[in-house]
Amino acid sequence: MKEIARGAEAVLYENGESIVKIRPRKTYRILEIDQELRKRRTKKEASLLEKLKSEGIRAPTLIETDNSERIEMQNLGGKQVKLVLDKQPELAKQIGQELAKFHEADIIHSDLTTSNMILKDKEVYFIDFGLSFHSARIEDKAVDIHLFLQALESRHHKVKEVAYNHFLEGYKEYREFKNVLERLIAVEKRGRYRGK
Ligand SMILES: Nc1ncnc2c1ncn2[C@@H]1O[C@H](COP(=O)(O)OP(=O)(O)OP(=O)(O)O)[C@@H](O)[C@H]1O
Ligand SMILES: [Mg+2]
């Protein structure tokens with residue numbers, strides 16, 4: 001298996017048509033806590049992959065999991081949106097449409113950076129669901145968008161405005177989008193008070 005990525009939590013391997021994602025032990029964490037966290041995130045991610053499919057939302061197909069540290073899923077191939085958004089900011093409309101579907105299903109992604117989005121055959125797929133959770137709260141949905149805005153700010157500064165306008169065009173498809181955007185204003189203000 002060929003290693004393709006090593007993040008804060010996981011090591012990813014490519015094995016032909018599949019991707020193997022392993023959350024190895026973190027020795028700086030107390031053993032029991034570490035096991036619990038890795039297990040929780042692995043199970044969360046695996047169950048999300050299945051749920052998304054059943055909701056008709058684009059995601060890699062789950063192939064197998066040990067429910068503790070390993071997930072095998074479909075290799076989407078494609079490119080990280082991070083690498084293409086500056087040249088194709090109009091892709092953000094699809095990001096908005098995809099997030100609209102998540103929020104319609106009361107799923108909060110919680111890690112909406114452009115390295116957690118893959119462009120395959122002109123379609124944007126979200127990946128990396130270890131922090132995702134179920135919630136109907138408008139607040140949680142607004143925070144999801146806040147995280148996406150932060151990602152635009154830090155990674156795609158030059159196209160931030162254009163990309164956000166495209167995003168809104170897509171996100172408008174969510175029936176509660178007005179409430180979420182209204183709440184987003186409060187979330188953004190709070191972010192600033194925190195002096196970041
Ligand atoms: N199913 C997949 N198909 C194609 N590429 C993938 C797939 N899953 C992951 N990748 C690639 O591997 C990279 C890292 O994967 P991922 O974001 O899931 O891990 P991570 O950020 O280390 O995880 P975590 O945030 O859960 O610790 C992605 O940015 C993407 O480029
Ligand atoms: Mg990631």
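The values are calculated or read from the model by the stated rules, or taken from the named source; none is laboratory data. This structure is a prediction, so every number in the text was calculated from the model and none was measured. Neighbour counts run over all protein chains shown; Cβ positions are idealised from the backbone, glycine included.
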Exercise. Of all the residues that make up region 150-167, how many are hydrophobic (A, V, I, L, M, F, W, C) and more than 15 Å from L112 (Cα to Cα)?
Worked result: 2
For this session: Hand me the list of strands (runs of 3 or more DSSP E) wholly inside region 65-140 holding 2 or more residues that are under 19 Å from K51 (Cα atoms) and in contact with a Leu (Cβ under 8 Å, 6 or more places away or on another chain).
Result: 70-74, 123-126
For this session: Specify the residue that is surrounded by the fewest Cβ atoms within 10 Å (Cβ to Cβ); the eligible residues are those in region 5-56 that are basic (K, R) and within 27 Å of Q97 (Cα to Cα).
Result: K53
Seminar exercise, completed: Among residues of region 113-125 being out of contact with any helix residue (DSSP H, G or I) (no Cβ under 6 Å at 6 or more places or on another chain) and under 17 Å from A151 (Cα atoms), the residue nearest to ligand 2 (Cβ to nearest atom) is N116
Problem set entry | Residue pairs meeting the criteria (Cβ under 6 Å; at least 6 apart or on separate chains; first in the same structural domain as K43 (by TED's automatic domain parsing), in region 7-21; second of a type in the set (G, A, S)) | L12/A5; K21/A10
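Restricting to region 165-176, give me the number of residues that are surrounded by fewer than 18 Cβ atoms within 10 Å (Cβ to Cβ) and either in a helix (DSSP H, G or I) or free of Cβ contacts under 8 Å to residues at least 40 places away in the same chain (or both). Step through it out loud before you land on a result.
Our first condition is that a residue be surrounded by fewer than 18 Cβ atoms within 10 Å (Cβ to Cβ); within region 165-176, this holds for 165, 168-169, 172-173, 175-176.
From what is left, the residues that are either in a helix (DSSP H, G or I) or free of Cβ contacts under 8 Å to residues at least 40 places away in the same chain (or both) are 165, 168-169.
Counting residues in region 165-176 that are surrounded by fewer than 18 Cβ atoms within 10 Å (Cβ to Cβ) and either in a helix (DSSP H, G or I) or free of Cβ contacts under 8 Å to residues at least 40 places away in the same chain (or both) gives 3.
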Exercise. What about L76, is it of a type outside the set (S, T, Y) and either closer than 13 Å to I22 by Cα or within 14 Å of ligand 2 (Cβ to nearest atom) (or both)?
Worked result: yes
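If I ask for residues that are away from ligand 1 (no atom under 11 Å from the Cβ), in contact with a strand residue (DSSP E or B) (Cβ under 7 Å, 6 or more places away or on another chain) and not hydrophobic (A, V, I, L, M, F, W, C), which ones from region 124-140 would you list? Walk me through how you get there before you give the answer.
Restricting attention to region 124-140, the residues satisfying the condition of being away from ligand 1 (no atom under 11 Å from the Cβ) are 124, 133-140.
Those still in the list that are in contact with a strand residue (DSSP E or B) (Cβ under 7 Å, 6 or more places away or on another chain) too: 124, 133-135, 140.
Scanning region 124-140 gives H134, S135, D140.
Among the listed residues D121, D106, D111, D144, identify the single one that is more than 22 Å from E188 (Cβ to Cβ) and within 16 Å of ligand 1 (Cβ to nearest atom). Full working, then the answer.
Numbers: D106 fails: within 16 Å of ligand 1 (Cβ to nearest atom); D111 fails: more than 22 Å from E188 (Cβ to Cβ); D144 fails: more than 22 Å from E188 (Cβ to Cβ).
Exactly one of D121, D106, D111, D144 is more than 22 Å from E188 (Cβ to Cβ) and within 16 Å of ligand 1 (Cβ to nearest atom), namely D121.
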